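Heads up, the thing below is written out as structure tokens.
Values in this text are rule-based calculations from the coordinates and carry no lab data. The model shown is predicted, which means the values in this text are computed figures rather than measured ones. When we count neighbours, we look across all protein chains shown, and the Cβ atoms used for this are built from the backbone with ideal geometry, even at glycine.
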Amino acid sequence: MSPDLLRSLVWMDYRLAVLFAVLLPLILLIWATVKQAEAMQRLLIIYWRVSSLLAITVYLLIGDLKIGFLASFLARILIPVGLWFWVDLNEEIDDQRSSPLKFVFSAWRWALTIYSTLGAIATIPFLQCAFSDASYPTSFCQVWREAPLIYKDILHANYRLPFLGFLGIVGLVIYLIYFGHFVIVRLGRQGRSAIEQ
């Protein structure tokens, strides 16, 4: 694949991520809050917790940390799981009357599921960037850092790259502790119910 085509595809992926993973769920959360659609609100809050791994990935890539490639791949797997895992929320949402909010929410959930699944498949070749011995060997890996570095220039211009990478590591450790607690403690106690019993 030519470097220009690869760069175009990577930038398209970042743009789609901003649309499907940031802007639309934020609008939906505000809309669901205004309409007092509690099941959708709970699912969107769970979504934000799960998808925070994408934000962590950005900071890891800013810091030039290879684990960012693995975090990106895992985020693309965990997001669809988090959107469909909860039996009680799925039933509540399905039982709601048809409305513009329900239609847009369902369309977003399916679109993000398809986008994340295709994205996970498409990023499999880039996992080699996480496990290569050399520092990112080619533009094949470096192209994924371009958007995070522009983000850094816009929002964190006065901060050094290693510090922002450190923030990414701290975020990843907190994420893994929370995820481990969920899998070991909460999942066994509550199963696929989002409402604590």
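Data for the structure
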item	result
Relative contact order of the chain, defined on C-alpha pairs under 8 angstrom at six or more residues apart (%)	32 percent
Cα gyration tensor category, rounded, prolate or oblate, for region 3-190 with a/c compared to 1.5	prolate
Acute angle (nearest 10 degrees) that the helix 146-155 long axis makes with the longest principal axis of the chain, alpha-carbon atoms	80 degrees
Under Karplus coefficients 6.51, -1.76 and 1.60, residue-wise ³J(HN,Hα) of region 102-111 in Hz, glycine/proline x	4, 5, 5, 4, 5, 5, 5, 4, 5, 4
Shape of region 118-184, Cα gyration tensor, a/c cut at 1.5	oblate
Separation of alpha-carbon centers, region 1-35 and region 138-197, rounded to whole Å	17 Å
Note, ³J(HN,Hα) from phi for region 168-174, Karplus 6.51, -1.76, 1.60, rounded to Hz, x at Gly and Pro	x, 5, 4, x, 5, 4, 4
Order of Ile169, Ile114, Ile154 - criterion: other Cβ atoms within 10 Å of each residue's Cβ, fewest first	Ile154, Ile114, Ile169
Theoretical ellipticity at 222 nm over the chain - DSSP helices of four or more residues, -39500 (n - 2.57) apiece, nearest 500	-23500 deg cm²/dmol
Ascending count of other beta-carbon atoms within 10 Å, so fewest first, for Thr57, Thr117	Thr117, Thr57
Table column - 3J(HN,Hα) (Hz), region 158-166, Karplus curve with 6.51, -1.76, 1.60, x for Gly and Pro	8, 9, 7, 4, x, 5, 5, x, 4
Degrees separating the helix 24-34 axis from the principal Cα axis of the chain, which is the longest one	30 degrees
